[in-house]
1. Just going by the charge dipole of the chain, with Lys and Arg at +1 and Asp and Glu at -1 on Cβ, which of V183, G141, P40 is farthest out on the positive end?
2. Once you order the gyration tensor axes a ≥ b ≥ c over the Cα atoms, which shape class does the chain get: rounded for a/c under 1.5, otherwise prolate or oblate by comparing a/b with b/c?
3. Take each of the peptides 26-32, 78-84, average the number of other beta-carbon atoms within 10 Å over its residues, and list them starting from the highest.
4. Taking the chain as the reference, fit the longest principal axis to its C-alpha atoms, fit the long axis of helix 42-55 to the helix C-alpha atoms, and give the angle between the two in degrees, 0 to 90, nearest 10.
5. So for the chain, averaging the separation of alpha carbon pairs under 8 Å that are six or more residues apart and normalising by length, what relative contact order in percent results?
6. Count charges around A172 for me, please; just the other residues with Cβ under 9 Å from its Cβ, Lys/Arg as +1, Asp/Glu as -1.
7. Mind listing the phi-derived Karplus ³J(HN,Hα) values for the range 82-94, rounded to whole Hz, using 6.51, -1.76 and 1.60 with θ = phi - 60°, and x for any glycine or proline?
8. How large is ³J(HN,Hα), in whole Hz, for each residue of the range 273-283 in order, when computed from phi with the Karplus curve 6.51 cos²θ - 1.76 cosθ + 1.60 and θ = phi - 60°, using x for Gly and Pro?
Amino acid sequence: MVAMDLSTWHDLRARDPRRLVLGSAQWGMTYGIANRDGAPDDAELARLLARAHAAGVHTIDTARAYGESERRIGRALAGADLRVWRVLTKLGPDVHEPGLDVATTLERTTASLAASRNALGLDVLPLVLLHRFAHRHACGGRLWRFLLAEREAGRIDTLGVSAATPEEAWAALEDPDVSAIQVATSLLDLRLHRQGFFPRARELGRTIYVRSVFLQGVAHLEPATLPGFLAPLRESIEQVRAVAARLGVPSRALYLAFVRGLPGVQPVLGCEREAQLAELLADWTSEAVDAASLTPLVEVLPTHDAALVDPSRWPTAASNAAAAGPPNQTAAAGVATIPR
Ligand SMILES: NC(=O)c1ccc[n+]([C@@H]2O[C@H](COP(=O)([O-])OP(=O)(O)OC[C@H]3O[C@@H](n4cnc5c(N)ncnc54)[C@H](OP(=O)(O)O)[C@@H]3O)[C@@H](O)[C@H]2O)c1
């Protein structure tokens, strides 16, 4: 098993807020299994961005598929120094589906990129991720070659993929054309960590963004209120809480310390309120949790099945997907809320 390494590697840099990325699915649609408050209004979003800016957090993760998210970011950053802010987006998940011809696929891809540029008010997109890993090989690779040409033409800086599964993450890692990968990992989802993914990614010099640090908010739910299909996570959530109580810190500090200790990754943190971000920033820079206190917990936590830790596999996802079309992590989040 790969030892949990909260080495002194750049320990100081480990707590650097510039590693953090703001997740913005919550800003463009009702998102999150525990979300009671819905998306932030414009004033709250402005406060959240001002808090981030003051802390040195200048990267935002968005996607064409996140409803109004890109447009709200474009409006909120209009007038801001875009040399400071870096907005990462994802191609529309519907630019291609099996059997769709090349011309239509490239038409939809062009339209998705144009819509992102327009909504964000950017001529050059700093990073474009495929929201569907399968698109990497769509139309015999024509879609990807089209994106490479967009990069050569200077209309996209960097290309990458958002992986929905560990298998996709590894396939993307071994692909020299893919510079950046977004993956899901947390104390509740140790699959990639146990497979040695992060040290390997560092070896290969890939940029790794980590999402679902709180498993879409499940980590914050009272264990007794977990929906039936997530009940097998209860013991793990309680184990994390017990260690947090012993250390006198909120359990979210342990979830954050875990990803902070992964070499070179950039955590994508979802929050709807400035107050939430303030708490996460305090946890991130806090010295209260270190390797010695976290490693024993990581070693005893189980590797949970995909059905439990992959939101696109949650039952609500299935019923919503039937309603909303092709399944994806984001689909699950579109509507599901469970009272805390
Ligand atoms: N396929 C993809 O590419 C993909 C898929 C999913 C997400 N993402 C990206 O990742 C971002 C984060 O989403 P995620 O699903 O990974 O969520 P997450 O970061 O695991 O959890 C975010 C949720 O945690 C809760 N939270 C945050 N700060 C808190 C605090 N201080 N105290 C208590 N609760 C707090 C909020 O939930 P409540 O307030 O609702 O309780 C928030 O919605 C998204 O915005 C998106 O940018 C990408």
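What follows is calculated from the coordinates using simple rules that are stated; it is not laboratory data. None of the values given here were measured: they were computed from a predicted structure. Every residue, glycine as well, gets a Cβ built from its backbone with ideal geometry; the counts of neighbours run over all protein chains shown.
1. The one lying farthest along the dipole's positive direction is P40.
2. On the way: a/c = 1.42, a/b = 1.38, b/c = 1.03.
Rounded, since a/c falls under 1.5.
3. On the way: 26-32: 23.1, 78-84: 10.4.
The peptides rank, most packed first, as 26-32, 78-84.
4. Around 70 degrees separate the two axes.
5. 23 percent
6. Working: positive: R136, R206; negative: E168, E174, D175.
Once all neighbours under 9 Å are counted, the net charge is -1.
7. Listing the rounded values in order: 6, 6, 8, 8, 10, 10, 9, 10, 10, 4, x, x, 9 Hz.
8. Running phi through 6.51 cos²θ - 1.76 cosθ + 1.60 with θ = phi - 60° gives 10, 4, 4, 5, 5, 4, 5, 5, 5, 5, 4 Hz.
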